[in-house]
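Reviewing the structure listed below.
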Amino acid sequence: MLVIYLVAITAEAMSGALAAGRRNMDIFGVAVIAFVTALGGGTIRDMVLGHFPIGWTQHPEYVYLVISAGLLTTLIARHLLRLKQLFLLLDAMGLIAFSLIGCNVALQLNYPLVVVIISGMLTGISGGILRDVLCNQVPVVFRRELYASVSLAVCVLFLVLRAFEVNTGISTAICFAGGLAMRMMAIHFKWRLPTFSYQQRWE
Amino acid sequence: MLVIYLVAITAEAMSGALAAGRRNMDIFGVAVIAFVTALGGGTIRDMVLGHFPIGWTQHPEYVYLVISAGLLTTLIARHLLRLKQLFLLLDAMGLIAFSLIGCNVALQLNYPLVVVIISGMLTGISGGILRDVLCNQVPVVFRRELYASVSLAVCVLFLVLRAFEVNTGISTAICFAGGLAMRMMAIHFKWRLPTFSYQQRWE
Amino acid sequence: MLVIYLVAITAEAMSGALAAGRRNMDIFGVAVIAFVTALGGGTIRDMVLGHFPIGWTQHPEYVYLVISAGLLTTLIARHLLRLKQLFLLLDAMGLIAFSLIGCNVALQLNYPLVVVIISGMLTGISGGILRDVLCNQVPVVFRRELYASVSLAVCVLFLVLRAFEVNTGISTAICFAGGLAMRMMAIHFKWRLPTFSYQQRWE
């Protein structure tokens, strides 16, 4: 799980660096956006749950990892498009790992189940939301093919398996298999949630 | 007060859903923006005051309510314009209820009076600010006819009545009457605060 | 140090008010943006470090000061361009003071050194980031001539001097001298960090 987590924050840091590059930021901006994308989700979760000290403050190595990953991305960016499939796979694994970690943190703090699910989703998607807000755009997670829904499905599946007292290792494996399958099919078949358009002017 | 609070978060969730619809979000985005608009103000207040656990984490039913209200809004949106007057009334009641609740939370934590007022206003208006930031626009509360000012006036009025040891029930009623009157007159007469325009370039 | 801090939050409040004016906000919006720019950095730092109660909640006079400074700015804005040099000097002193204060808060809470540096930078620059997000623009700190880098350099210098057990007063003076020199040279010679541009489309 730790390995998957490290891969996940690396992949998120890289996606943050690319977003910063789309806004022509300087390398400091790249480092900040990489950091926020990778570790911001867990930060917001811990701030909302009152869970101090926040995870990365006790693991300086995570900070070095994500900033290095972000800066390295500026050097290898031109080659990344070729690795798109790998990148999407790592990103999906990260989403699932983040969601499961978020659920576990809230469970340990004895929050009600709906808060456990929200905690998983916050961990999974709010880093990307922060990234998009800082890059001044509407968060893609609110508009893209199933992404947040995968996080939701994984969190619910995890809680269901837990209610049936399935062994943690098996349950984690099932969540990864199910979540990855769902995410990859969503990308492949361009599944989308129905959108809501509302253009009436009130004034 | 609880009934008013529930009406308030419902109205706020609906306003969030409409804002999400203006950005063509999918139904997941609608649910998130509804949630953030309705419960984000209290969340930010609790995070700033260090008041854990945050309110809605102990009341899962609020979470279900606001998400349901947000999703339901997508179905009835076309009819809402007709209910504009009712909606504005509920929204104003929500603003006042949020402001009073925010004041009370800070009072219980023994914060100084100016923090009590800020707590009331944070609860009243920061849900809407989060909604606008996530929808990538300048928060309307910084530009619209008196809205935040109503929250400020209600908080100050509440503290003045409290200093005179007015009975809580009576004081709450006076705050609602005064706040509603002020808000409705502000809408009707298009009262606005003076604006500040500054266009000098420094570089 | 307290005098410098008060000058710093005043200068930050004024920069917030000017940014609000560029968006034609009303005076309430001006007050909020001034408040957030001046005190938001410390607020985010305290929220991330779990350091409650947050500083300004125990010092109502800071709140009055920054709101007054913001509102006063609307009256004297037309004359400020003439004071540009003074303003940039005060702003740089504020950046350094905020950074040192942020480092000290994290040191007292026994956080690891990299968190101490992040705490200093959060205090120094996140008020301006919040200002820009609320004004719906990409934070200038991610794109401008060396600003965040000055904060980083000051934090590192401060920790190095501390490791050599240099007397606090002397160390503070050296940080101010070094930070101011770096900032002023960055402005004068238009030093910039390299930027990262990435325009490949993935879809």
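Would you be able to tell me the number of residues in the stretch A:25-54 that are part of a helix (DSSP H, G or I) and either among the charged types (D, E, K, R) or in contact with a Leu (Cβ under 8 Å, 6 or more places away or on another chain) (or both)? Even if it seems obvious, please write down each step before you answer.
Quick first cut of the stretch A:25-54, residues part of a helix (DSSP H, G or I) only: A:27-49.
Still in the list and also either among the charged types (D, E, K, R) or in contact with a Leu (Cβ under 8 Å, 6 or more places away or on another chain) (or both): A:27-28, A:30-34, A:36-37, A:40-41, A:44-46, A:48-49.
Residues meeting the conditions: 16.
If residue A:81 satisfies every condition in (1) within 11 Å of another protein chain (Cβ to nearest Cβ); (2) over 29 Å from residue B:139 (Cα atoms); (3) modelled with pLDDT of 90 or more but one, which is the exception?
Going through (1) within 11 Å of another protein chain (Cβ to nearest Cβ); (2) over 29 Å from residue B:139 (Cα atoms); (3) modelled with pLDDT of 90 or more one by one, residue A:81 breaks only (3).
I'd like to check something: does the stretch C:70-78 contain any residue that is without any contact (Cβ under 8 Å) to a residue 40 or more places away in the chain and touching a Phe, Trp or Tyr at 6+ places or on another chain (Cβ under 9 Å)?
yes
Inspect all residues belonging to the stretch B:111-122 and state whether any of them is of a type in the set (S, T, N, Q), touching a Lys or Arg at 6+ places or on another chain (Cβ under 6 Å) and part of a helix (DSSP H, G or I). Can you show your working first?
Quick first cut of the stretch B:111-122, residues of a type in the set (S, T, N, Q) only: B:119.
Going one step further and asking which of them are touching a Lys or Arg at 6+ places or on another chain (Cβ under 6 Å), we end up with B:119.
If we keep only those that are part of a helix (DSSP H, G or I) too, we end up with B:119.
Yes.
State yes or no: is residue B:88 surrounded by fewer than 19 Cβ atoms within 10 Å (Cβ to Cβ), within 22 Å of residue B:7 (Cβ to Cβ), in contact with a helix residue (DSSP H, G or I) (Cβ under 8 Å, 6 or more places away or on another chain) and not hydroxyl-bearing (Ser, Thr, Tyr)? Lay out the reasoning, then the answer.
Details: surrounded by fewer than 19 Cβ atoms within 10 Å (Cβ to Cβ): yes; within 22 Å of residue B:7 (Cβ to Cβ): yes; in contact with a helix residue (DSSP H, G or I) (Cβ under 8 Å, 6 or more places away or on another chain): yes; not hydroxyl-bearing (Ser, Thr, Tyr): yes.
Answer is yes for this residue.
Report yes if residue B:125 is surrounded by 20 or more Cβ atoms within 10 Å (Cβ to Cβ), touching a Pro at 6+ places or on another chain (Cβ under 8 Å), modelled with pLDDT under 95 and assigned to a helix (DSSP H, G or I), otherwise no. First the steps, then the outcome.
Working: surrounded by 20 or more Cβ atoms within 10 Å (Cβ to Cβ): yes; touching a Pro at 6+ places or on another chain (Cβ under 8 Å): no; modelled with pLDDT under 95: yes; assigned to a helix (DSSP H, G or I): yes.
No.
Just one of (1) crowded, with 19+ Cβ neighbours inside 10 Å; (2) of a type in the set (S, T, N, Q); (3) more than 9 Å from every other protein chain (Cβ to nearest Cβ) trips up residue B:74, so point out which.
Among (1) crowded, with 19+ Cβ neighbours inside 10 Å; (2) of a type in the set (S, T, N, Q); (3) more than 9 Å from every other protein chain (Cβ to nearest Cβ), residue B:74 violates only (3).
In the stretch C:42-65, which residue that is of a type in the set (A, V, I, L, M, F, W, C) and closer than 22 Å to residue C:96 by Cβ is surrounded by the fewest Cβ atoms within 10 Å (Cβ to Cβ)? Before you say what the answer is, go through the steps one by one.
Filtering the stretch C:42-65 down to residues of a type in the set (A, V, I, L, M, F, W, C) leaves C:44, C:47-49, C:52, C:54, C:56, C:63, C:65.
Next, only the ones that are closer than 22 Å to residue C:96 by Cβ stay: C:44, C:48-49, C:54, C:56, C:65.
Details: C:44: 21, C:48: 22, C:49: 22, C:54: 21, C:56: 25, C:65: 18.
In this case the residue turns out to be C:65.
For the stretch B:18-30, state whether one or more residues are buried (at least 24 other Cβ atoms within 10 Å of the Cβ) and more than 7 Å from chain A (Cβ to nearest Cβ).
no
Considering only residues that are more than 20 Å from the chain's Cα centre (by Cα), surrounded by 15 or more Cβ atoms within 10 Å (Cβ to Cβ) and within 14 Å of chain C (Cβ to nearest Cβ), which ones fall in the stretch B:149-202?
Answer for the stretch B:149-202, where residues must be more than 20 Å from the chain's Cα centre (by Cα), surrounded by 15 or more Cβ atoms within 10 Å (Cβ to Cβ) and within 14 Å of chain C (Cβ to nearest Cβ): B:195, B:196, B:198.
I need every pair where a residue in the stretch A:150-172 that is closer than 22 Å to residue A:187 by Cβ has its Cβ under 6 Å from the Cβ of a residue that is β-branched (Val, Ile, Thr), sequence separation at least 6 or different chains.
A:151/A:125; A:154/A:96; A:155/A:117
Anything in the stretch A:25-51 that is over 16 Å from residue A:128 (Cβ atoms) and hydroxyl-bearing (Ser, Thr, Tyr)? List them, or say none.
Residues satisfying the conditions do not exist here.
Quick check on residue B:106: is it facing chain C (nearest Cβ under 9 Å), in a helix (DSSP H, G or I) and either modelled with pLDDT under 90 or farther than 21 Å from residue C:34 by Cα (or both)?
Details: facing chain C (nearest Cβ under 9 Å): yes; in a helix (DSSP H, G or I): yes; either modelled with pLDDT under 90 or farther than 21 Å from residue C:34 by Cα (or both): yes.
Yes, satisfied.
What residue, of A:130, A:100, A:95, is touching a Gly at 6+ places or on another chain (Cβ under 9 Å), in contact (Cβ under 8 Å) with a residue 60 or more places away in the chain, among the hydrophobic types (A, V, I, L, M, F, W, C) and within 12 Å of chain B (Cβ to nearest Cβ)?
On the way: A:100 fails: within 12 Å of chain B (Cβ to nearest Cβ); A:95 fails: within 12 Å of chain B (Cβ to nearest Cβ).
That would be A:130, the only listed residue that is touching a Gly at 6+ places or on another chain (Cβ under 9 Å), in contact (Cβ under 8 Å) with a residue 60 or more places away in the chain, among the hydrophobic types (A, V, I, L, M, F, W, C) and within 12 Å of chain B (Cβ to nearest Cβ).
Answer with yes or no whether residue B:4 is surrounded by 21 or more Cβ atoms within 10 Å (Cβ to Cβ) and either within 18 Å of the chain's Cα centre (by Cα) or within 14 Å of residue A:142 (Cβ to Cβ) (or both). Steps first, please.
On the way: surrounded by 21 or more Cβ atoms within 10 Å (Cβ to Cβ): no; either within 18 Å of the chain's Cα centre (by Cα) or within 14 Å of residue A:142 (Cβ to Cβ) (or both): yes.
The answer is no for residue B:4.
Let me spell it out: the conditions are (1) in a helix (DSSP H, G or I); (2) more than 24 Å from residue B:70 (Cα to Cα); (3) at pLDDT below 95, and residue A:159 meets all of them except one. Which number is the exception?
Single failed check for residue A:159: (3).
State all residues of the stretch A:103-142 that are under 26 Å from residue B:132 (Cβ atoms) and either small (Gly, Ala, Ser) or touching a strand residue (DSSP E or B) at 6+ places or on another chain (Cβ under 6 Å) (or both); if no residue qualifies, say none.
Of everything in the stretch A:103-142, those that are under 26 Å from residue B:132 (Cβ atoms) and either small (Gly, Ala, Ser) or touching a strand residue (DSSP E or B) at 6+ places or on another chain (Cβ under 6 Å) (or both) turn out to be A:119, A:124, A:126, A:127, A:128.
I'm checking my understanding of the structure. Among residues of the stretch A:133-148 that are within 7 Å of another protein chain (Cβ to nearest Cβ) and part of a loop (DSSP other than H, G, I, E, B), which one is farthest from residue B:20 (Cα to Cα)?
If we filter the stretch A:133-148 for residues that are within 7 Å of another protein chain (Cβ to nearest Cβ), which is where we start, we get A:133-139, A:142-143, A:148.
Applying the additional criterion that residues be part of a loop (DSSP other than H, G, I, E, B) yields A:135-139, A:143.
Details: A:135: 19, A:136: 16, A:137: 14, A:138: 10, A:139: 11, A:143: 10 Å.
Restricting to residues being within 7 Å of another protein chain (Cβ to nearest Cβ) and part of a loop (DSSP other than H, G, I, E, B), the top hit is A:135.
Matching residues to (1) of a type in the set (A, V, I, L, M); (2) over 15 Å from residue B:94 (Cβ atoms); (3) part of a loop (DSSP other than H, G, I, E, B):
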site	(1), (2), (3)
B:150	yes, no, no
B:166	yes, yes, yes
B:170	yes, yes, no
B:173	yes, yes, no
B:180	yes, no, no
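Confirm whether residue B:95 is modelled with pLDDT of 95 or more, farther than 24 Å from residue C:131 by Cβ and part of a helix (DSSP H, G or I). If you could, list the steps in order and put the result at the bottom.
Numbers: modelled with pLDDT of 95 or more: no; farther than 24 Å from residue C:131 by Cβ: yes; part of a helix (DSSP H, G or I): yes.
No, not satisfied.
Return yes or no: is residue A:123 under 28 Å from residue C:125 (Cβ atoms), free of Cβ contacts under 8 Å to residues at least 12 places away in the same chain and of a type in the set (Ser, Thr, Tyr)? Walk me through how you get there before you give the answer.
On the way: under 28 Å from residue C:125 (Cβ atoms): yes; free of Cβ contacts under 8 Å to residues at least 12 places away in the same chain: no; of a type in the set (Ser, Thr, Tyr): yes.
When the stated conditions are applied, residue A:123 does not pass them.
Take residue B:130 and tell me if it is more than 21 Å from residue C:31 (Cα to Cα), hydrophobic (A, V, I, L, M, F, W, C) and buried (at least 19 other Cβ atoms within 10 Å of the Cβ).
Values: more than 21 Å from residue C:31 (Cα to Cα): no; hydrophobic (A, V, I, L, M, F, W, C): yes; buried (at least 19 other Cβ atoms within 10 Å of the Cβ): yes.
Criteria not met by residue B:130.
So, in the stretch A:152-203, how many residues would count as being among the aliphatic types (A, V, I, L, M) and more than 18 Å from residue A:96 (Cβ to Cβ)? Before the answer, list the steps.
Looking only at the stretch A:152-203, we keep the residues that are among the aliphatic types (A, V, I, L, M), and these are A:152-154, A:156-157, A:159-161, A:163, A:166, A:170, A:173-174, A:177, A:180-182, A:184-187, A:193.
This time we only want the ones that are more than 18 Å from residue A:96 (Cβ to Cβ), so: A:163, A:193.
Residues that pass the stated criteria total 2.
The values are calculated or read from the model by the stated rules, or taken from the named source; none is laboratory data. Predicted, not measured: the structure shown is a model, and the values here were computed from it. So basically every Cβ, Gly included, is an ideal-geometry build from the backbone, and we count neighbours across all protein chains shown.
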